[in-house]
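The values are calculated or read from the model by the stated rules, or taken from the named source; none is laboratory data. Quick caveat: nothing in here was measured; it's all calculated off a predicted structure. Here Cβ is always computed from backbone atoms with ideal geometry, including for glycine, and neighbour counts include all displayed protein chains.
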Amino acid sequence: MPSLLLEVTIKVSLVLLIALALVWCLRHRSAAARHWVLSVAVVSALVLPLLGAVAPSWSLPVYFTPVAAIWSNTSVAPAGETSGDTAAALAGRTGHLDRTGAAVPSTIAAPQVSTHDGRGANVRLALIVVWSFGMGVTLLVLLAGLGRLGRLRSTATPVMTGPWRELADEIGVDLALSRPVQLLQSRHPTILATWGVIWPKVMLPAGAQAWPRHRARIVLAHELAHVHHGDWATQMCAELLRAALWFNPLTWIALHRLRRDSELACDDEVLGLGVDGSDYATQLLDLAKVLRPQRTAWSPGVAMARSSGFQRRITAMMNPSLRRQPLMRGARAAVAVAALCFTVPLAMLAQSGSASFEGTVVDSSGAPWSGAQVTLSPVGMDQLKARLAAEQDKAEALKQEFEDQDVLESFKRQMEALTAQTDEAGRFLIGDVPPGDYSVRVRKPGFVELEETVSLAASQRVRRDFSMTIGSIEETVNVSTGDAVPVPTSADRETLERLRARLSGGRLQPPVKVRSLNPAYPEDLRGSGAEGQVILETLVSAGGSVEVLNVLTPVDPDLLTPVQPELARAAVTAVRQWQYQATRLNDLPVDTRMTVTINFTDES
């Protein structure tokens, strides 16, 4: 979110800076021209984020693998490496019987989980809170003003007939207004405002019915000029833009200039209807005295006697050399098209911002797991490592010509992975991810590592949920002709209670073998020199029994038949008699896959 806000701020600032520069270049042109440029710029800046959300993605060419964001980066233990503490913890979580019947620990293979640094997330959260608070306050002020207009509207009386209505219809024809304008007589003595788009309204202060006709004509001409220019809609766009980017001074400057040029453009429109400049200035000064209390009561409606730029307006009215021509329709269209041609590519380019990847990690029962490590690695990491090695060799060979190794360091940074750990609810979030294709790995001790690929587009928020399955366990048994006749062995109660005490309290408790029987070397093969390895894929059921799912034995390449099937038969017969205390997941027994490797040797 902070990166997206920063990107929008930069793009909006660029639009407003260009518009303000054009307004300065047009300082000797009419106020209508400057007002139209600012209006188009404000609307373009407001819709720029929306265009970025719906327009096709257009990013600058990426010549290197995306570099990991600093806030989300943590150190990752290399695959296959496990710390001593983790190995010791796992070693005490599962067990089997040795040949004497004593329970001894064995391990479930799992990677190490790195520690996640949450300081970056806290900084982002603080920035979001501050921005949201400022926007909330600004919007609250705007909504309060709109609410005040609504209350005044509910108590006002519509003006349907009389001199004011006749003047409004007459001026509406002169200004070629296509929308009917509603006149409202307010009970408030200092309110003179215009608002509305589809059904525009002009609210007159109490006592306006007693004004002379020439003052009424000037007031209505000015307010209807606001309607003709669509000023209220433009100013509301500027208010929303300022609320969203309240921390950006350019939005405040643009709103101030927009209001000032709006009043100047309407003054020029009134003078264009044949009103004398000195008479207009006199009436404006009188109105400012009558409506003076309005200056302390902010309203989102546009008003003729607003104090902003009052002296400048009087000076402009009395200056006969100023250009007051309205902007022609062709020129207005040209400005709008130019803004469109600039804003749309800018919005599409804005999509080159960072993406985010979020989701949850649960087990097979749907329960969330904390401490699971989620890692994003750029696809093609192996090729990148090879390129890094080549560049390093090249840098060593040419180190006399290099004062630094920026390129090499860039490659090293690109090899870093983006990681996060799940919280107590199983949620994770990796922010500020450069666009690209990534390999996702989810790791948690005791569970099967998950891996898949994901494509992250610019400024995209991708959610993916992962369900982990319990990891498999492994057993290896060596059988030779010199072994004694195998007999079943069982763990004594004291040993089992001691082992289970070590496992208590964990949500995942691996199985413990309580009954074992080693395979017997087949009598028919003794002295024949028959040797081989039998691999059994089995399932330790929730009830503790062992089910043989698949038997892997050497196969004769010519006959495509198992070599020494007697060895496989002996292995299956023995393993089916094993018994376990089942794996417990969230205090419930569950099935667990197990791979049993049995090596047969003939020592005779």
If I filter region 586-604 down to residues being under 48 Å from the mean Cα position of the chain (by Cα) and part of a loop (DSSP other than H, G, I, E, B), which single residue comes out as surrounded by the fewest Cβ atoms within 10 Å (Cβ to Cβ)? 587
Kindly indicate whether residue 243 is without any contact (Cβ under 8 Å) to a residue 60 or more places away in the chain and closer than 22 Å to residue 45 by Cα. no
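Mind counting the residues in region 159-187 that are closer than 22 Å to residue 272 by Cβ and touching a residue at least 12 places away in the same chain (Cβ under 8 Å)?
The qualifying residues number 11.
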Candidate set from region 116-133 (those that are surrounded by 15 or more Cβ atoms within 10 Å (Cβ to Cβ) and part of a helix (DSSP H, G or I)); member that is modelled with the highest pLDDT: 131
Within region 136-154, residues surrounded by fewer than 12 Cβ atoms within 10 Å (Cβ to Cβ) and of a type in the set (S, T, N, Q) come out as 154
Among the listed residues 230, 207, which satisfies the condition of being within 24 Å of residue 38 (Cα to Cα), assigned by TED's automatic domain parsing to the domain that holds residue 173, surrounded by fewer than 21 Cβ atoms within 10 Å (Cβ to Cβ) and not aliphatic (A, V, I, L, M)? 230
With region 428-500 as the region, which strands (runs of 3 or more DSSP E) entirely inside it contain at least 3 residues that are β-branched (Val, Ile, Thr) and crowded, with 16+ Cβ neighbours inside 10 Å? 473-480
Is there a residue in region 13-33 that is in contact with a strand residue (DSSP E or B) (Cβ under 8 Å, 6 or more places away or on another chain) and either assigned to a helix (DSSP H, G or I) or modelled with pLDDT under 95 (or both)? no
Any idea which residue in region 548-567 is modelled with the highest pLDDT, counting only those that are among the polar types (S, T, N, Q) and loosely packed, with under 11 Cβ neighbours inside 10 Å? 550
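Report whether or not residue 259 is touching a helix residue (DSSP H, G or I) at 6+ places or on another chain (Cβ under 8 Å) and more than 16 Å from residue 175 (Cβ to Cβ).
yes
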Filtered residues of region 469-488 (kept if of a type in the set (Val, Ile, Thr) and touching a residue at least 40 places away in the same chain (Cβ under 8 Å)): 469, 470, 473, 476, 477, 479, 481
Selection from region 515-542 of residues touching a Leu at 6+ places or on another chain (Cβ under 9 Å), buried (at least 21 other Cβ atoms within 10 Å of the Cβ) and closer than 13 Å to residue 575 by Cα yields 516, 519, 534, 536, 538
Output yes when any residue across region 578-585 is within 19 Å of residue 472 (Cβ to Cβ), assigned to a loop (DSSP other than H, G, I, E, B) and touching a Pro at 6+ places or on another chain (Cβ under 9 Å), and no when none is. yes
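If I filter region 492-512 for residues that are of a type in the set (Gly, Ala, Ser), closer than 19 Å to residue 572 by Cβ and at pLDDT below 90, do I get at least one hit?
Scanning region 492-512 turns up no residue that is of a type in the set (Gly, Ala, Ser), closer than 19 Å to residue 572 by Cβ and at pLDDT below 90.
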Output for Cβ contacts, cut-off 8 Å, separation at least six or different chains, first residue more than 16 Å from residue 375 (Cβ to Cβ) in region 441-466, second of a type in the set (D, E, K, R) and in a loop (DSSP other than H, G, I, E, B), reads 446/93
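Do we find that residue 491 is in the same structural domain as residue 577 (by TED's automatic domain parsing), without any contact (Cβ under 8 Å) to a residue 60 or more places away in the chain and not charged (D, E, K, R) in this structure? I'd like the intermediate steps shown before the answer.
Working: in the same structural domain as residue 577 (by TED's automatic domain parsing): yes; without any contact (Cβ under 8 Å) to a residue 60 or more places away in the chain: no; not charged (D, E, K, R): yes.
Judged against the criteria, residue 491 is not a match.
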